[in-house]
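Asks: I'd like to ask you about the structure that follows.
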């Protein structure tokens, strides 16, 4: 039945089943797009929108953030949320409205106050992150000012302000990276909307002269909520018009299937085409940010529309949440509950970043933890809270404790996590704490270790004589397959009254349990963190002799608990002061005018290299790089895969024109670096060849399929370290005119010393540029062996020279055009020439 | 592989436009609808005057202070062929086809009837004013001159029709919207700077928001001047509105309907002369049909008179009416006004000669200027006496024994041939050109290759080639391998934001002025590099190779780019070009067909900057002139709408209509350092030499008329173009009957038909 029905449904409903969405109010159909197309790719290649940028492709930088709006025809309500467009698949956005930075304001229609204030607070430098910042701020404003929401209380904000609070403002851009500004001005721009802001606290801006003029909301570009239409009427009508049509449940148009029930899902599993290698099951696809697709998929099954997976059922026993409920929604539900629930909510709000939590599902996170050893915080906190899960396998439905579920072997592709039940522990005699340590306190970083502890105690809390009746100690993320309970410690603690010796013994036992697996970074550090967590928790249960830990760890992380009334350092609001001297002697030189084009950068209209409309017949390249530091490249082959079929060609050293040379970088007479590691790869990471495909994604995916065959025959072992180089006399010469100069007579100086330190040593490691815009170039061949190269570079002249040398053409044949660079920091210097040369 | 505008790969999401034009010369455009058709479904949108941004204006062209022309006929269409709106579609073909489906609803309510002809305009006093600084100057005392005449011809009349440019590449542009209300326009144009200005005015944005890029033009001939701005504005308005690239490449028919072309003229003249053929006075009433907008028309009167002035008229007076009419605006076409003025002079000379029964060439020779009269007619432009080469040229061609023997041969031929007649004629030309300020920039790159930017645009006239040569010349002393230097030069596309004040390419002097700007830039570079060269050579004792010199200069932080804005010496802004041509034609009295048996051109090119290029200009211009004088009939209907709108009906010269023997001699008259390396212009003047064909045809027709006893066999006027039909008509449409009648009347002695 299922297969037959599906086939016919697919055909009958074909016309009506195209993905229809609104982009900045305009109707778009995503017909004929590859089902693996992300919203970002769709926007940037199928619409004029260029504001959302590709910064990381893994939900980690926020440069691609857009606002997605959904409409419920039954309630006539629109819900909006920010999302990473680089992870969101366009197939999942039927009947959604997408708003980008261009959509809230632009040159033609006027800028939005968010954009104007980002410019006015000098909050945009290279500007590559700014459209994403803009949308993160805009989404927080939309969320805060949503009619009927209660955030900072029910009071209407002062005129010209949002209901957003300063504290929320600081979290608004917590998932967005910026490499230029240092964030302070961005926060000021964001806080300028906050109801509780003291405008005088805000930093240097173009709206008032600090110290002279009075800060006044009237001087700021006027904000009024709701001025941007996030869901166009035409789409509402279209949706209402189709309300009574029976939707084709599992259509399969363009390789996209969206079953509405578990039954329909199973019928898809049973169909003859189902193959877990070429079919991807997705809810929001945020998992692709962690576990990158290794090959293309030709079919997707979107389970977000399955009713059973969206339940939120709250009763006296506890809370059941469907696996496809978003983390944000879960936070909302948990926040309105008992202390245990509230702590879960609080911890979940540090998972990923706002725009990921808005679409990422609780179930997806748990499944990643179960199947792929994802270092999940959610699994840890839910485990400690005594959660159970309901799963549906091909044959049966099972209810397991989360603990049991995680212990099972990784479940197969056809096993579906339906829901998670978290018991309501009430508040009597139950102490629940969760902790995490990660490089970023607001989230958007995987924990080194996470933990969640639940203890049932008896006795008199006031006197400190608490007896641990029962305890659950869950630890995760420290280099372990999945969250586990420290059962030996639990056993030991049961019935104990906490004292220093007890804690000490618990710690000893814990150290036997927390054993980071081979290859885990900083294993001892992680163990020590687990110890700190346990100590902090137990010390809070102990008698007064034990000073409760404030547990302020390096990098600003700390336990989740309240800090005895003190404001935890992570909750301190950012304050700032700028002292500058203004001088109008040479005006307008010396005037702190806003950065040229800042609004344009905020609106996303500023054109970076990848925003240049692709010329017709444009093809895309991806580097294949060596992973061997010193080896002959014997051959490059491609794994048979869907992605490999996308290879149009591979460009290698042999494609350098006669008269040209294998050069990818080089400055004046200092020497050149090869464009291709040919015939020998000389370092791991060296370019071996360039895969060419019809789209950037195809090129990137295809490059992953390359298998390079190396041989180290007759080659010296690689020299990798300073020590190696010294041993082998492997040096570059410093031209005399660049050589630094010693000063004075060293021997004499030493002889004058009363004390000497001999052979002190200090080491510094490398640093990555982390420009928001990665290396990029666009080369357009022109008549008469000329070429125009659009490059994001700090040195257009050198690119011109190197490209000409590489191609063996006169320099005047090469035009290099650079309008702006999305972050340089030196990395768009010599390192930008390789991609241009290619 | 050479990239023209339409060869540029279409940017993603590029849309295409096609003009919808009015077919009514003066009417309210009430509405535009589309027939229901497959093609109409392809319409994405229609861009019209309402899509001009706030702050912009409805302007499609305009030169400095002369006045503007609207981009859209809105709300009133003012001539047949005016743009009413632009149909936008996904492909150029869809746009073309969709534009054809447009049905325009007109109303003439409350509107005056259109003014279409010179006569209409004169009747309604519908004129454009010529600004005083552009007005030609009368010479001497006309009354006195007339009083000295032995004979007068009063109210002679001659007419010249329009000519279409027929550039092979029709009007085209590609506009790509850019961030921050910027726009880049790729245009096939002779005046990127003006396009930049007009597009910005049209969109209401600052000029620095508009980049106009022109690499090469697939034929200009003046038509890629003012006439190229409309399409650039049209693309720009559409691209700005739709925020997508928009490209237009006109189909030939639309191009021919909208192009305008050469100014039709009607000259009435009264001329006084002595019995020996010496001219004493000329008065000309000149009507010029300028069309709807001033365009470049205010330049036409002076150009016309300047070329008319090739003869010493004694005294000269004129009344010129620059007529504003409801037809497409006429614009500069290669030798604009000049060719008409030169022809009018010949028509008058022919008239005088026939009135006297004298040899036309003798009358010409007699009235060629002396150095004194040249100065009287041309002022400063006359230049120094040794540079006046026209008399030598004319004598070489027309006063030679060879010419005399050929003339006799023609006479003999005509005596022995009834149905084919030959004519031979020699026509001199003078052609005044003006030098204009022009920028240039020379940049030496790190590998020693050189990139040059100039104000001039490469239209096919070899401007870039000459500039390349001039660059190599300017830097030759820095490079031991001076020949190799030429290969190191690349002249790069015109870009209005890279090199400003590019002005326009036209008037025949842009090549030399661009060269001069480049030479000045090279001089600056020479001065910067010479000391380095000297020090290198002092060290090594050998000539410093170019690459070593540039490497050293780079190390020494020498500015390797020099820009110059060359301005002509205020005392030498104009000079005159000279040439003459002898053409011999054979007409077929039975068909009106003309064969150009031979043309001999002598043209004073000064010290040619590139003889191959200049020869190409001379030959090409001559043949284009032949088309104007003989065959190109840019006909319109009663509403002024072009009806000869394609290759079926509009016939430019082809390989079978050029002279059977085609000889060109470039001579170099006295050197004159005031000119750019003593060179002279070559782009437009030689076009005027084609009048020799027209004059020779007249000689041949004259022979026919004498043979067949047509009324007034010697004195007749032959307008331009003189098509086959005109030739036949002037020979007598009834020649066969006449011949048969003459045979009948002498029936007893039948003569075989020759």
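The values are calculated or read from the model by the stated rules, or taken from the named source; none is laboratory data. On a predicted model such as this, the values are computed, not experimentally measured, just so you know. Please note: Cβ atoms are built from the backbone with ideal geometry, for glycine as well, and neighbour counts cover all protein chains shown.
Asks: Looking only at segment B:189-215, count every residue that is part of a loop (DSSP other than H, G, I, E, B) and surrounded by fewer than 20 Cβ atoms within 10 Å (Cβ to Cβ) and tell me the total. Lay out the reasoning, then the answer.
Replies: Taking segment B:189-215 and keeping what is part of a loop (DSSP other than H, G, I, E, B), we get B:189-191, B:204-206, B:215.
Filter once more, so that each one left must be surrounded by fewer than 20 Cβ atoms within 10 Å (Cβ to Cβ): B:204, B:206.
Qualifying residue count, segment B:189-215: 2.
Asks: To continue, here is another question. Looking at A:299, A:329, A:317, A:304, which is the one that is under 22 Å from the mean Cα position of the chain (by Cα) and at pLDDT below 95?
Replies: Result: A:304 is the single residue among A:299, A:329, A:317, A:304 that is under 22 Å from the mean Cα position of the chain (by Cα) and at pLDDT below 95.
Asks: Moving on to the next point. Which of the residues spanning segment B:175-188 are within 22 Å of the chain's Cα centre (by Cα) and part of a loop (DSSP other than H, G, I, E, B)? Walk me through it before giving the result.
Replies: Taking segment B:175-188 and keeping what is within 22 Å of the chain's Cα centre (by Cα), we get B:187-188.
Result: B:188, single match.
Asks: Residues in segment A:199-213: is at least one surrounded by 16 or more Cβ atoms within 10 Å (Cβ to Cβ), in contact with a helix residue (DSSP H, G or I) (Cβ under 9 Å, 6 or more places away or on another chain) and without any contact (Cβ under 8 Å) to a residue 12 or more places away in the chain?
Replies: Yes, segment A:199-213 has at least one match.
Asks: Please verify whether segment B:439-451 includes one or more residues that are away from every other protein chain (no Cβ under 14 Å) and either in contact with a helix residue (DSSP H, G or I) (Cβ under 9 Å, 6 or more places away or on another chain) or buried (at least 22 other Cβ atoms within 10 Å of the Cβ) (or both). Steps first, answer last, please.
Replies: Initially, segment B:439-451 is screened for residues away from every other protein chain (no Cβ under 14 Å), giving B:439-440.
With the extra rule that they be either in contact with a helix residue (DSSP H, G or I) (Cβ under 9 Å, 6 or more places away or on another chain) or buried (at least 22 other Cβ atoms within 10 Å of the Cβ) (or both), the set shrinks to B:439-440.
Yes, segment B:439-451 contains a residue that is away from every other protein chain (no Cβ under 14 Å) and either in contact with a helix residue (DSSP H, G or I) (Cβ under 9 Å, 6 or more places away or on another chain) or buried (at least 22 other Cβ atoms within 10 Å of the Cβ) (or both).
Asks: Does residue B:558 fit the bill of being modelled with pLDDT of 95 or more, over 30 Å from residue B:337 (Cβ atoms), more than 14 Å from chain A (Cβ to nearest Cβ) and not in a helix (DSSP H, G or I)? Step through it out loud before you land on a result.
Replies: On the way: modelled with pLDDT of 95 or more: yes; over 30 Å from residue B:337 (Cβ atoms): yes; more than 14 Å from chain A (Cβ to nearest Cβ): yes; not in a helix (DSSP H, G or I): yes.
Spelling it out, residue B:558 is indeed modelled with pLDDT of 95 or more, over 30 Å from residue B:337 (Cβ atoms), more than 14 Å from chain A (Cβ to nearest Cβ) and not in a helix (DSSP H, G or I).
Asks: So which of A:790, A:811 is more than 20 Å from residue A:128 (Cα to Cα) and at pLDDT 95 or above? It would help to see each step written out before you state the result.
Replies: Numbers: A:790 fails: more than 20 Å from residue A:128 (Cα to Cα).
Going through A:790, A:811 in turn, just one is more than 20 Å from residue A:128 (Cα to Cα) and at pLDDT 95 or above: A:811.
Asks: Please work out if residue B:56 is assigned to a loop (DSSP other than H, G, I, E, B) and buried (at least 19 other Cβ atoms within 10 Å of the Cβ).
Replies: Details: assigned to a loop (DSSP other than H, G, I, E, B): yes; buried (at least 19 other Cβ atoms within 10 Å of the Cβ): yes.
Yes.
Asks: So, one more: Would you tally the residues in segment A:27-51 being touching a helix residue (DSSP H, G or I) at 6+ places or on another chain (Cβ under 7 Å) and part of a helix (DSSP H, G or I)?
Replies: Residues that pass the stated criteria total 3.
Asks: Across segment A:608-619, what is the number of residues that are out of contact with any strand residue (DSSP E or B) (no Cβ under 9 Å at 6 or more places or on another chain), assigned to a loop (DSSP other than H, G, I, E, B) and within 9 Å of chain B (Cβ to nearest Cβ)?
Replies: 1
To keep it simple, each residue is scored yes or no on (1) farther than 30 Å from residue B:574 by Cβ; (2) not in a strand (DSSP E or B).
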site	(1), (2)
B:415	yes, yes
B:423	yes, no
B:426	no, no
B:432	no, no
B:448	yes, yes
B:457	no, yes
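Asks: Another one. Could you go through segment A:55-67 and let me know if any residue there is surrounded by fewer than 24 Cβ atoms within 10 Å (Cβ to Cβ), at pLDDT 95 or above and not in a helix (DSSP H, G or I).
Replies: No, because not a single residue in segment A:55-67 is surrounded by fewer than 24 Cβ atoms within 10 Å (Cβ to Cβ), at pLDDT 95 or above and not in a helix (DSSP H, G or I).
Residue-wise test of (1) assigned to a loop (DSSP other than H, G, I, E, B); (2) surrounded by 15 or more Cβ atoms within 10 Å (Cβ to Cβ); (3) in the same structural domain as residue B:720 (by the TED database).
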position: B:627; (1), (2), (3): no, yes, yes
position: B:633; (1), (2), (3): yes, yes, yes
position: B:639; (1), (2), (3): yes, yes, yes
position: B:645; (1), (2), (3): yes, yes, yes
position: B:654; (1), (2), (3): yes, no, yes
position: B:664; (1), (2), (3): no, yes, yes
position: B:671; (1), (2), (3): yes, no, yes
position: B:677; (1), (2), (3): no, yes, yes
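Asks: If residue A:399 satisfies all but one of (1) out of contact with any helix residue (DSSP H, G or I) (no Cβ under 9 Å at 6 or more places or on another chain); (2) modelled with pLDDT under 95; (3) surrounded by 12 or more Cβ atoms within 10 Å (Cβ to Cβ), what's the number of the condition it fails?
Replies: Residue A:399 satisfies every listed condition except (2).
Asks: Would you mind finding the one in B:2, B:10, B:70, B:39 that is within 14 Å of chain A (Cβ to nearest Cβ) and out of contact with any strand residue (DSSP E or B) (no Cβ under 7 Å at 6 or more places or on another chain)?
Replies: B:2
Asks: Of the residues that sit in segment A:792-831 and are out of contact with any helix residue (DSSP H, G or I) (no Cβ under 7 Å at 6 or more places or on another chain) and part of a helix (DSSP H, G or I), which one is surrounded by the most Cβ atoms within 10 Å (Cβ to Cβ)?
Replies: Here the answer is A:812.
Asks: Can you confirm whether residue B:527 is farther than 19 Å from residue B:453 by Cα and either assigned to a helix (DSSP H, G or I) or within 14 Å of chain A (Cβ to nearest Cβ) (or both)?
Replies: For residue B:527, the condition - farther than 19 Å from residue B:453 by Cα and either assigned to a helix (DSSP H, G or I) or within 14 Å of chain A (Cβ to nearest Cβ) (or both) - is met.
Asks: Take residue A:188 and decide whether it is in a helix (DSSP H, G or I) and more than 30 Å from residue A:396 (Cβ to Cβ).
Replies: So residue A:188 fits the description; yes.
Asks: Here are A:778, A:764, A:807, A:758: which of them is without any contact (Cβ under 8 Å) to a residue 24 or more places away in the chain and either closer than 30 Å to residue A:126 by Cβ or within 14 Å of chain B (Cβ to nearest Cβ) (or both)?
Replies: The conditions single out A:764.
Asks: Something else now. Take the residues in segment B:220-254 that are under 22 Å from residue B:10 (Cβ atoms), within 27 Å of the chain's Cα centre (by Cα) and outside any helix (DSSP H, G or I); name whichever of them is nearest to the other protein chains (Cβ to nearest Cβ).
Replies: B:247
Asks: Conditions: (1) surrounded by 18 or more Cβ atoms within 10 Å (Cβ to Cβ); (2) closer than 25 Å to residue A:254 by Cα; (3) out of contact with any strand residue (DSSP E or B) (no Cβ under 8 Å at 6 or more places or on another chain). Residue A:352 meets all but one. Number of the miss?
Replies: The failed condition is (2).
Asks: Checking the conditions here, which among B:62, B:81 is at pLDDT 95 or above, touching a helix residue (DSSP H, G or I) at 6+ places or on another chain (Cβ under 9 Å) and on the phi > 0 side of the Ramachandran plot?
Replies: When all the criteria are applied, what remains is B:81.
Yes or no, residue by residue, for (1) in a loop (DSSP other than H, G, I, E, B); (2) in contact (Cβ under 8 Å) with a residue 24 or more places away in the chain; (3) within 14 Å of another protein chain (Cβ to nearest Cβ):
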residue: A:592; (1), (2), (3): yes, yes, no
residue: A:599; (1), (2), (3): no, yes, yes
residue: A:606; (1), (2), (3): yes, yes, yes
residue: A:621; (1), (2), (3): no, yes, no
residue: A:628; (1), (2), (3): yes, yes, no
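Asks: Hey, could you check segment B:466-493 for residues that are away from chain A (no Cβ under 14 Å) and under 27 Å from the mean Cα position of the chain (by Cα) and say which is surrounded by the most Cβ atoms within 10 Å (Cβ to Cβ)?
Replies: Among residues in segment B:466-493 that are away from chain A (no Cβ under 14 Å) and under 27 Å from the mean Cα position of the chain (by Cα), the one surrounded by the most Cβ atoms within 10 Å (Cβ to Cβ) is B:470.
Asks: Could you tell me which of the residues B:81, B:85 is in contact with a strand residue (DSSP E or B) (Cβ under 7 Å, 6 or more places away or on another chain), closer than 30 Å to residue B:290 by Cβ, away from every other protein chain (no Cβ under 14 Å) and not in a loop (DSSP other than H, G, I, E, B)?
Replies: B:85
Asks: Applying the selection to segment A:782-791, what residues are under 29 Å from the mean Cα position of the chain (by Cα) and either closer than 19 Å to residue B:215 by Cβ or in a loop (DSSP other than H, G, I, E, B) (or both)?
Replies: Of segment A:782-791, the ones under 29 Å from the mean Cα position of the chain (by Cα) are A:790-791.
The answer is A:790, and nothing else.
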